[in-house]
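First the structure, in the form of structure tokens, and then the observations on it.
Where a number appears in this text, it was derived from the coordinates with a stated rule and is not lab data. Predicted model, so just to flag it, every value in this text is computed and none were measured. So basically every Cβ, Gly included, is an ideal-geometry build from the backbone, and we count neighbours across all protein chains shown.
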Amino acid sequence: MDIVAKVATAMQAVFGESMDELARRTGCVQRQRKLSGSLLARILVLTLLKRPAAKDQDYCTTAAQLGVDVTEEAMRKRFTASLVVFLEAVLKLALTQVLQAQACMVGVLQKFSEVRIGDSTLIPLPDELAQRFPGCGGKPGTGKAMLKIQLLWNLLRGEWIKLLLEPGRASDAKSEIAEASPPAGSLSIFDLGYFSLERFRRTGAAAAYWISRFQFGTTVFDPSGKRLDLLRFLREHESNGVVDATVALGEKERLVCRLIAFRAPIEVAARRRQKIREKARDHGRMASKEYLAAQEWTILLTNAEPELLTWKEVVVLYRSRWQIELLFKLWKSHNALATQDTKARAERQMAVLYAKLIGVIVQHWILLTATWHTERRSLRKAAAILRNWIVLFTEALDNYRHLRVLLRRTSAALTKPARITQRRKHPSLFQLLENPELLEYTVA
């Protein structure tokens with residue numbers, strides 16, 4: 001079954017007649033008159049994909065396109081606690097549909113069976129939900145309730161291996177996405193919040209690879225077991241501003257791996273120090289001189305041998321982790337996932353959030369059909385074009401053949417305009433993945 005057929009099947013599962021029974025079971029629809037569970041899901045999700053800041057009239061417009069005449073007052077009354085329960089159940093169903101496109105095997109990516117990138121993002125919630133979704137603090141009067149989205153994403157095939165919704169206070173390092181066992185031959189790349197020598201050891205034991213930034217304060221030894229003054233070691237062993245050496249990490253773990261470090265541009269080091277000083281000041285402490293001095297360097301760690309990856313390939317692959325940051329940015333800017341009508345009741349805010357989450361899942365499925373066969377993809381450009389096509393799906397969801405035809409038309413319409421152009425200066429990620437030697441590097 002090709003990706004278009006898989007997406008059509010998944011969309012019909014999420015918006016099909018089985019949602020009617022789910023709506024009755026959750027109490028969202030008790031006496032079906034005009035609006036069934038499947039119609040409610042379609043009205044809310046498709047409207048918010050078209051117009052993330054939707055008003056009651058916008059929902060009524062979508063309902064009319066679906067052949068249902070409903071008043072604004074009737075729509076307002078639908079935003080109840082039972083609707084939240086229903087949409088949460090629909091969301092869980094959507095998350096069971098794990099879809100993957102044909103692998104995009106470009107350049108250095110061909111060396112791995114999967115390239116797994118993991119990270120999290122926070123969504124503010126109404127304060128009334130602090131007991132279920134406790135926040136992680138912040139400025140006084142903010143962050144009482146937060147939702148944390150944890151995502152583990154296979155960059156080769158585009159599928160979300162695991163997407164979890166957790167309280168904002170949940171630890172990244174202890175998340176299930178960090179504990180997931182990678183397959184042999186895969187590469188895992190996580191942000192510094194997931195740094196764990198034990199996880200690195202498990203990954204290596206599974207015959208898989210990992211890349212991570214260095215966690216400042218981690219004890220470093222040379223292969224003979226001699227403890228190193230890291231900054232002095234870097235200055236003594238740099239060759240043209242680059243260090244590529246075997247070390248052991250951790251007082252107890254003594255995890256043998258490869259350390260790659262290179263001098264950061266002066267302006268980059270200055271920005272890093274400024275952020276560190278501001279963060280330390282906010283917490284009432286002073287940043288150490290050693291930590292500030294370390295900002296002169298970008299330090300990466302990996303278990304991939306030089307025969308598998310050059311130091312430039314390691315740097316380029318770590319940069320690919322930013323694709324998940326761009327995905328989160330797409331959700332928050334284009335889909336307004338973190339933007340809520342704070343004047344609305346908590347039930348309405350949560351219903352809208354769950355409907356938007358279902359929407360970004362469906363949006364990603366459609367983007368898989370249109371963008372994953374080329375490495376020159378821009379999800380932002382594709383999503384912007386897709387918004388104009390959403391209205392057509394109102395009439396296609398009940399007809400599997402019609403839906404597949406529409407998905408292919410949509411895919412064709414998105415593919416070319418969503419391509420990234422090649423750049424002579426400051427090469428894009430896809431250019432660097434094809435040829436890591438294009439990596440711009442200047443010795444400080």
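See the values below:
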| quantity | calculated |
| --- | --- |
| Stretchable slack from Glu440 to Glu72, in nm (0.36 nm times residue separation minus alpha-carbon distance) | 126.9 nm |
| Paramagnetic reach from Ile385 (point 7 Å along Cα→Cβ, amide N under 16 Å) across the range 409-426 | 409-422 |
| Electrostatic dipole magnitude of the chain [Cβ: Lys, Arg +1; Asp, Glu -1; Cα centre; debye, to 20] | 940 debye |
| Structure-derived semi-axes √(5λ) of the Cα gyration tensor in Å: which label, when the choices are [x] 44, 25, 19; [y] 34, 25, 22; [z] 43, 35, 18 | [x] |
| Lys, Arg +1 and Asp, Glu -1 on Cβ, resulting dipole of the range 208-319 about Cα centre, debye, nearest 20 | 600 debye |
| Net +/- balance of residues flanking Ala396 in space, Cβ distance below 13 Å, scoring K and R +1, D and E -1 | +3 |
| Principal-axis tilt of helix 322-333 within the chain, Cα atoms, nearest 10 degrees | 30 degrees |
| Positive-end residue of Leu129, Pro427, Ile366, charge dipole of the chain with Cβ unit charges | Leu129 |
| Where trypsin sites (Lys or Arg not before Pro) fall in DSSP loop in the range 152-201, at most 12 other Cβ within 10 Å | Lys174 |
| Pairwise FRET efficiency - Arg232 versus Gln274, Cβ, R0 = 25 Å, nearest 0.05 | 0.50 |
| Residue of Trp365, Trp153, Trp297 that the Gaussian network model of the chain assigns the largest fluctuation, springs spanning Cα pairs under 10 Å | Trp297 |
| Angle in degrees between helix 400-415 and the longest Cα principal axis of the chain, rounded to the nearest 10 | 40 degrees |
| Gain in span if fully extended, Lys55 to Val98, counting 0.36 nm per residue against the direct Cα distance | 12.3 nm |
| Charge dipole (debye, nearest 20) of the range 312-398; +1 at Cβ of Lys and Arg, -1 at Cβ of Asp and Glu | 440 debye |
| Greater than 20 Å apart at Cα, pairs in Lys111/Lys425; Lys329/Lys356; Lys111/Lys174; Lys50/Lys332; Lys332/Lys381 | Lys111/Lys425; Lys111/Lys174 |
| Contour excess over end-to-end distance, with Cα ends at Glu395 and Glu21 and 0.36 nm allotted per residue | 132.5 nm |
| Degrees separating the helix 37-50 axis from the principal Cα axis of the chain, which is the longest one | 50 degrees |
| Spin-label model distance (nm) - Glu128 vs Ala180, 7 Å beyond Cα toward Cβ | 3.4 nm |
| Label-point gap, in nm, between Thr219 and Ala293 - each point 7 angstrom along Cα→Cβ | 2.1 nm |
| Expected 222 nm ellipticity per residue - DSSP helices of 4 or more, -39500 (n - 2.57), all of the chain, to 500 | -12500 deg cm²/dmol |
| 19 Å tail of the calculated P(r), the range 147-290, as % of Cα pairs | 64 percent |
| Residue of Gln323, Gln97, Gln131 that the Gaussian network model of the chain assigns the largest fluctuation, springs spanning Cα pairs under 10 Å | Gln131 |
| Kirkwood hydrodynamic radius (C-alpha pairs) into Stokes-Einstein, the range 208-319, 10 °C and 1.306 mPa s, D in µm²/s | 106 µm²/s |
| Fluctuation leader among Gly284, Gly37, Gly143 - the chain, Gaussian network, Cα springs under 10 angstrom | Gly284 |
